[in-house]
1. Determine the shape class of region A:47-141: with a ≥ b ≥ c the square roots of the Cα gyration tensor eigenvalues, call it rounded for a/c under 1.5, and otherwise prolate if a/b is greater than b/c, oblate otherwise.
2. Taking a ≥ b ≥ c as the square roots of the eigenvalues of the Cα gyration tensor of the protein assembly as shown, is the shape rounded (a/c under 1.5), prolate (a/b larger than b/c) or oblate?
3. Using only Cα positions of region A:11-82, each an equal point scatterer, no hydration layer, compute I(q)/I(0) via Debye at q = 0.11, 0.25, 0.26, 0.28 Å⁻¹ and quote the log10 values to two decimals.
4. Could you report the accessible area of A:ASP144 in Å², rounded to 10, computed with a 1.4 Å probe on the protein chains as they sit in the structure?
5. Ignoring GluC sites (Glu not before Pro) that are buried or in helix or strand per DSSP, and keeping those with at most 16 other beta carbon atoms within 10 Å, what is the longest stretch of chain A between them?
6. Kindly give the distances from B:LEU218 to its copy-mates, label point to label point, with each label point 7 Å from Cα along Cα→Cβ, as nm values to one decimal ordered shortest first.
7. Using Cα atoms only, what is the angle between the long axis of helix B:127-139 and the major principal axis of chain B, expressed in degrees (0 to 90) to the nearest 10?
8. When chain B is modelled as a GNM with alpha-carbon springs shorter than 10 Å, which of B:ALA172, B:ALA198, B:ALA13 fluctuates the most?
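The values are calculated or read from the model by the stated rules, or taken from the named source; none is laboratory data. Every value quoted in this text rests on a predicted model; they were computed, and no experiment measured them. Please note: Cβ atoms are built from the backbone with ideal geometry, for glycine as well, and neighbour counts cover all protein chains shown. Quick note on the areas: whole protein, heavy atoms, side chains included, nothing else; ligands and nucleic acids left out. Shrake-Rupley method; radii C 1.70, N 1.55, O 1.52, S 1.80 Å.
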Number of protein chains: 2
Amino acid sequence: MAGRAAVPEVIWARPERTGRGPRPAYTRADIATAAVKVADEGGLDAVSMRHVAAELGCGTMSLYNYVPRKEDLYELMVDAVGGEHELWEPSGDWRADMRRVAQQTRVLMHRHPWMTRLMSPVYGFSPNALRYLEHCLACLDPLDARYGMKMQLVGMLNGCVTSYVATELAAAERTRSLPWSAEEESAVRVAYLGGVLAGGAYPRMAAAFTETSGPIDLDGAFESMLERMLDAFAQRG
Amino acid sequence: MAGRAAVPEVIWARPERTGRGPRPAYTRADIATAAVKVADEGGLDAVSMRHVAAELGCGTMSLYNYVPRKEDLYELMVDAVGGEHELWEPSGDWRADMRRVAQQTRVLMHRHPWMTRLMSPVYGFSPNALRYLEHCLACLDPLDARYGMKMQLVGMLNGCVTSYVATELAAAERTRSLPWSAEEESAVRVAYLGGVLAGGAYPRMAAAFTETSGPIDLDGAFESMLERMLDAFAQRG
DNA sequence: GCCCACTACGTACGGTGTACGTAACTAGGA
DNA sequence: TCCTAGTTACGTACACCGTACGTAGTGGGC
């Protein structure tokens, strides 16, 4: 019975403290906080083992005592942000509760814009993910359906919110990080898109673009998306 | 009027050939194909400027003549995969057509598993994205709604499909890349999750897990998600 | 009290994106 | 027609990355 293969355990299954040897200087929460701070201030690309260790005040390689791979650091970060969800006593109106959950998720993702890039393997059952999911299920108690279906609802909601916010943030980033004025950028885009669309190969896209002139109501579009989604589950219960 | 700032143009707005100087040795399509091949064979992490250049058969820095930043290389890859969508004459049944579109997207993402990680800034209006969107809108002609709403439908569908496939692939990856047997892994997970859930803090999660024993019908769940989504738009048209 | 697992951390290696400089080439204007 | 300026091609170099490995010190279990 050789010693287990080196790495691939889920980090949440590994105990934070084993009882032997010196006391660890930091908790997992400390590390997550430091990593989140680095990401908030410098973007996800600033999250390197060196930077996080420096933020924490320890040597680079010491981090590896807590976090076997960088990927696990990401997992800690996602869990930490998940912990920012403020939960409440379910109201009895599952639509209202789920709307509130989704709105809160959107707010969290705006607060931590790097989150959309870490959402690929959604819900690895970290502690805060469990807490969050349990709360969602509690909110959905009034809905007469199997748990499988409720999980599906939560999954779809999260998928849509994530992709919505990702688009939202990408658009914001594009206009913010620009060395030229917004008008000039807009002109460039119009020149390109307009040029392509004027070709006549994509008449419906052209119509879609002329349909909505002026700034888009992002909040309204989000609400609308939400209602659609909730409709889908209200209908067939 | 100083020369424009260095980089941040959208790559699709930059002409592939300017007319001056020697003929480029490769086309954008060549580069996209090479990068996709590297990603398919070695995963997204294998996509480095060096590897792609080697696959292409040129020096590393020559790539930068075609692709100003690595991010643009990703954009080329996403566009190339978008080109794999096989389009058809709309049938007149928008639900059937959109179902087919979504199923095709899922197939593409299984063929190129790295795609789910590149979908954050969905649809930067690359050529094949335009082609794809125009096709979706054509399929939605029978649906009596504004283009804004149809775009919303396409966006939500893509968001859900992406997040669904991402979860699907993450689960598959987890069981595949394992040094231990699937049973042993399962045992570890059960030990962790079971341990947490047995605590009684998450009764609904525990119930959800006991509800569905045995393997999950991934195709069925996908279809189910799709129908939900289409229902939502059929309802309020 | 001893042992050994554990923490801490410096060094080092192979890899990354890309700024910069140089040489060859070719289309447009004289 | 030739010149020149913009482009392609690509090697070198730099700062930074994840992390394997070795060493030293610490403190709980036998």
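1. On the way: a/c = 2.99, a/b = 2.43, b/c = 1.23.
Cα axes put region A:47-141 in the prolate bin.
2. oblate
3. The Debye formula, applied to the Cα set alone, gives -0.24, -1.22, -1.31, -1.50.
4. 140
5. Longest stretch, sites excluded: A:87-237.
6. Copy-to-copy label distances at B:LEU218, shortest first: 3.4 nm.
7. So the helix axis and the longest Cα principal axis differ by about 50 degrees.
8. So, out of B:ALA172, B:ALA198, B:ALA13, the one fluctuating most is B:ALA198.
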